[in-house]
1. Please list the non-local residues whose amide H lies under 5 Å from the amide H of GLU367, H modeled 1.01 Å from N, same-chain partners needing a gap of 5 or more.
2. When you have a sec, figure out the Kirkwood radius of segment 141-285 from all distinct Cα pair distances and drop it here in Å to one decimal?
3. Say each of THR318 and ALA45 gets a label point 7 Å from the Cα, pointing the same way as Cα to Cβ; how far apart are those two points in nm?
4. Which listed residue (GLY167, SER95, ASN155) has the Cα farthest towards the positive end of the charge dipole for segment 90-227, taking +1 on Lys and Arg C-beta and -1 on Asp and Glu C-beta about the Cα centre?
5. As a test question: what accessible area, to the nearest 10 Å², does ASP172 have when a 1.4 Å probe is rolled over all protein chains in place?
6. Return one whole number: the accessible area per residue of segment 217-326 in Å², for a 1.4 Å probe.
7. I'd like the FRET efficiency for SER410 and THR186, computed as 1/(1 + (r/R0)^6) with the beta carbon distance as r and R0 of 45 Å, rounded to 0.05.
8. At a probe radius of 1.4 Å, what is the per-residue accessible area of TRP171, in Å² to the nearest 10?
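The values are calculated or read from the model by the stated rules, or taken from the named source; none is laboratory data. No experiment lies behind these values; they were computed from the predicted model shown. Note that we place each Cβ from the backbone using ideal geometry, even for glycine, and neighbour counts take in every protein chain shown. The area values use the complete protein model at the heavy-atom level, side chains included, leaving out ligands, DNA and RNA. Shrake-Rupley method; radii C 1.70, N 1.55, O 1.52, S 1.80 Å.
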Amino acid sequence: MKMRLPIVIGLVLLLPGVVVQAQGDRCGTMLYDQYMLSQYPQLAAIRKQARIEIRENPKIPSFQKLSTTVITIPVVVHIVYNTSLQNISDAQIQSQIAVLNNDYRKLNADTTLIPMPWRTVAGDVGIEFCLAKKDPAGNDTNGITRTSTIVTQFNYDNQVKKTSTKGQDAWDPTKYLNLWVCNLGTSLYGFAQFPSDFGTSPSTDGVVINYTAFGTSGAAKAPSNKGRTATHEIAHWLDLYHIWGDDGGGCTEDDFINDTPNQASAHYGCTLTYPYTDACSPTAPGIMFMNYMDYGDDQCLVMFTKDQATRMINTLNTTRSAILNTTICSGPSSVPDDGYQSRSVFSVYPNPANGVITLSSMDPVKELAVYNVIGESVFYFSPGQYQAQPIDVDLSDKPAGVYFVKILTSKGYSSQKVIVER
């Protein structure tokens, strides 16, 4: 984000109760960063050291992924609402989880918009998200809290993150990614807390999203109705910077990622066409304006790079490693758990698929279901008796993404992941 009038903004942020919005800026993370520095001056030294480590130690691609396993991050969504419209539906929340799971696995159907030169660097982050199954007390939960508030509009001052200021307290940030959804006004979509702030202020760790920029249905409004605000802000939470380096239009700073071109400033809307060049990348292929860490409309942000993916995975293996130890979402959390141990062996092929998949089981199948990432059944087959093999399942009319095939045999329930590509 380009910093406009930084001195004035920095002073205003110190005033309690003042709503600050940067006209036209979709992300408030860097302004929130200024606010945190005003509240915790000791963060300046921490940030400086973090920058030194990024520059001198692991500037991509000298980073090496510390894990090749897909990582599942448990999410709790705190809805803090003043009106019924702000009290968004479970379906709108689930649509956001589905977008995250597609975007962070490079399974989003709009990867077709990536210009050819950038397709070789587009990356699968290897992260999936689930709504938490257990709350901090160990009770069953759907991963959603709802809090009515008298506050008509929140800003960067963390009030939405505290029950004492008419918001909602965070759940244990070492076990959950806390997402707060509230009214942030008309020009701000969201903001995130960088991992370097965790030791100083763990109770405010997480991401805040405007209720009109969360998910793909309900109260979500164009141009922020494709779920990409959460994709962008969670990447900040995982230590990615804006692709242009927030240097006010210069070419001296970048995002510390080698496979993203240097870029002068943020870009908005969906009007740019490839190749688009600027002062920092004056020749083709130009800038990567379709990257999730730029400011285009949701429908035109479609990719992370491989090195961005590596940075985020390394963050999870270092500064945010505590969340890896949680068992709140073990296995594919969206698939209904019927209490049976998975014992029957079966295969699904082809996988990935773009049409019909074939299921082959060592044991006759009595029941078969396919679920999407938010737990909705998209296919069900129950012949009433154990069925011989193989069984064909037509997923050609389903969107690209991750699905779970679950079967019942005489040995119990078993499930397998399948990927549908387009």
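1. LEU408
2. Values: mean 1/r = 0.0586 Å⁻¹.
By the Kirkwood definition, the hydrodynamic radius is 17.1 Å.
3. Rounded to a tenth, the inter-label distance reads 2.0 nm.
4. Looking along the dipole axis, the top candidate is SER95.
5. 60
6. Details: 3480 Å² over 110 residues.
Dividing the accessible area of segment 217-326 by its residue count gives 32 Å².
7. Details: r = 58 Å, r/R0 = 1.29.
Efficiency at R0 = 45 Å is approximately 0.20.
8. 30
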